[in-house]
Amino acid sequence: QVQLVESGGGLVQAGGSLRLSCAASVSIFRLNAMGWYRQAPGKQRELVASITSGDSTNYADSVKDRFTISRDNAKNTVYLQMNSLKPEDTAVYYCNARVRNSQPVYVIDYWGKGTLVTVSS
C-alpha cells in the first residue's frame, strides 16, 4: 500500500502563498499520476492539479495561473505551490496517487489524510 503524508497547510491571508508537500512511501516514478484534491465544507472533493509520470499537468480552471504542481522523484515528494490565494481556496487538501495497470485493467487510488488550508479575507 502507498502511504501519503501531506504537510504545509495553514492559515494565510488572501493574496498570500503557501506550498503543500506530499511525501510518498514509495518511489513516485512507479506511480502513474499524482495530484492534489480539495474539499471545502458542503462541497464534493474536486481535482485541483495533477501530474503524470510523463510530466504532463492538469489544473482546475479556478487555480490556473495561480497554482503549480511539481515533483521531486529523489525525495518521493509532490508539491503544490499556491500563489495569490483567495478565500474560496479554503479547503482540506488531499494528496492522491494513482496506480494504473493495463493487463489486466485496474486503477487504484491512494489518499493522504489531508492538510487544512485556510485563506482569510
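For the chain, the solvent-accessible area with a 1.4 angstrom probe is 56 square angstrom per residue. Here each label is just a point 7 Å from Cα along the line to Cβ, and for Gln44 and Ser17 those points are 3.4 nm apart. Set the Förster distance to 22 Å, then compute FRET efficiency between Thr57 and Thr118 from the Cβ-Cβ distance, nearest 0.05. Result of the calculation: an efficiency of 0.30. Below 8 Å, C-alpha to C-alpha, sequence gap of six or more: please give me the relative contact order for segment 1-84 in percent. After rounding, I find 32 percent. Per-residue accessible area (protein heavy atoms, 1.4 Å probe) orders Val5, Val105 as Val105, Val5, starting from the largest. Taking 19 Å as the straight-line reach from the Cα of Lys43, the lysines in range (excluding those fewer than 8 positions away in the same chain) are Lys86, Lys113.
What is the magnitude of the charge dipole of segment 35-120 about its Cα centre, with +1 placed on the Cβ of each Lys and Arg, -1 on the Cβ of each Asp and Glu, and no other charges, expressed in debye to the nearest 20? Before the final figure, lay out the partial values.
Details: 11 positive and 8 negative charges, 36 e Å.
With Lys and Arg at +1 and Asp and Glu at -1, about 180 debye.
Compute the whole-percent fraction of alpha carbon pairs in the chain spaced more than 19 Å apart. The calculated P(r) of the chain puts 43 percent of pairs beyond 19 Å.
In whole percent, how big is the carbon plus sulfur part of the accessible area of the chain, probe 1.4 Å, protein atoms only?
Carbon and sulfur together cover 46 percent of it.
The values are calculated or read from the model by the stated rules, or taken from the named source; none is laboratory data. Bear in mind the structure is a predicted one, so any value in this text is a computation, not a measurement. Note that each Cβ is placed from the backbone with ideal geometry, even for glycine, and that neighbours are counted across all protein chains shown. Surface accessibility is based on the protein's heavy atoms, side chains included, excluding ligands, DNA and RNA. Shrake-Rupley method; radii C 1.70, N 1.55, O 1.52, S 1.80 Å.
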